[in-house]
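Student: Pasting a structure below so you can have a look.
The values are calculated or read from the model by the stated rules, or taken from the named source; none is laboratory data. Just so it is clear, the structure is predicted and the values come from calculations on it, not from any experiment. For neighbour counting, all protein chains shown are included, and Cβ atoms are generated from backbone atoms with ideal geometry for every residue, glycine included. Calculation scope for accessible area: heavy atoms of the full protein, side chains included, ligands and nucleic acids excluded. Shrake-Rupley method; radii C 1.70, N 1.55, O 1.52, S 1.80 Å.
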Amino acid sequence: MSNRKSRSARISTLGSRLTSVISVTLVLIILGALAITLVAARSLSRQVKSNMGFILKMEAESPATAIDALKRKIAAEPYVDRFVYSSPDAILAEESEAMGENLAELIDRNPYGAEFDVKVRPQWADADSISALAARLELMDGVEEVVTETAVITSVNYILHRLSWCLLAVAAALLVISFVLINNTVSLAVYSRRFIIYTMRLVGATGAYIRAPFMRAGAWTGLVAGLIAAGLLSLLLVYLDGLDPSVATVVPWSQAGWILAGVMALGVIICLGASALATNRYLRSGYDEMFMK
């Protein structure tokens, strides 16, 4: 009879721990996936900003000295990340290819001027900065116009900014919700052993001594759940990378590794905190309160 009760208690304890591990794992997977999404959004933001800039068009038949002077000036500017120079002949060839005709045979002279496709550094990648730079460059000798797409830049920056803040807000909300859920799960596991806590108090056990096994169990629960969540998230990243290799550039493994390590650490920290709170509750409870949740 005692063996049957002992076996039933072990099964009950194992089921409780398994439920805790599964619950914590699911929460950590959601938080990890959200963190990966946030990293991907920021990577995309950097990639978009790295392609922002303007096109500087020079007047037709500008002298070579003016072009060389402008090349040196653009290369020396601190806001320039990179630029591509296109000669008038190269532009004429591109237009001929686009129209399907040899324009050089149809016109007497090349109507196109040299162009500079300039990409600015991320700290200058906003509409106001690019507009100010374009206005200054338009005053230079030999410059016909500077073409910018400030409306597109403003729209992209607005969307990325709002997306980042939304993801951070969701992450904060999920962190609070996850702690509440994990705390409830751990509390149920501690609740099943509340009379053991009370008995240990009666025989003079200190609070630290009583908390120790529950804290160890919580740490192991968090670690196991973190390992499972990190493994599943790794498989998800490998699967997505197989579907589209560009995923590796948006979420590099150097950053994904930190996220996975953070998921495991978060699982341990949250479960330790929940175990401490749940145990302290019953350490302060009287005998009558043991019969209430």
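Student: Could you order Arg211, Arg82 by accessible surface area, starting with the largest, using a probe radius of 1.4 Å?
Tutor: Largest accessible area first, the residues go Arg82, Arg211.
Student: Express in Å², to the nearest 10, the accessible area of Glu149 obtained by rolling a 1.4 Å probe over the protein heavy atoms while all chains stay in place.
Tutor: About 120 Å², rounded to the nearest 10.
Student: By the scheme Lys and Arg +1, Asp and Glu -1, what is the net charge of all other residues having a beta-carbon under 14 Å from that of Leu44?
Tutor: +3
Student: Could I ask something else about it? In nm, what is the difference between 0.36 nm times the number of residues separating Tyr191 and Asn110 and their Cα-Cα distance?
Tutor: Going from the current span to full extension adds 20.6 nm.
Student: Assign one of three labels to the range 174-253, namely rounded, prolate or oblate, based on the Cα gyration tensor with a ≥ b ≥ c the square roots of its eigenvalues; rounded applies when a/c is under 1.5, prolate when it is not and a/b is larger than b/c, and oblate otherwise.
Tutor: prolate
Student: Here is a follow-up. Tally Lys/Arg at +1 and Asp/Glu at -1 over every other residue whose Cβ is under 14 Å from the Cβ of Arg136; what's the total?
Tutor: Overall, the nearby charge balance is -4.
Student: Right, another one. Hey, how many Å between the Cα centroid of the range 199-261 and the Cα centroid of the range 57-71?
Tutor: 60
Student: Using a/c under 1.5 as the rounded threshold, could you call the range 17-107 rounded, prolate or oblate? The axes a ≥ b ≥ c are square roots of the C-alpha gyration tensor eigenvalues, and prolate needs a/b larger than b/c, oblate otherwise.
Tutor: oblate
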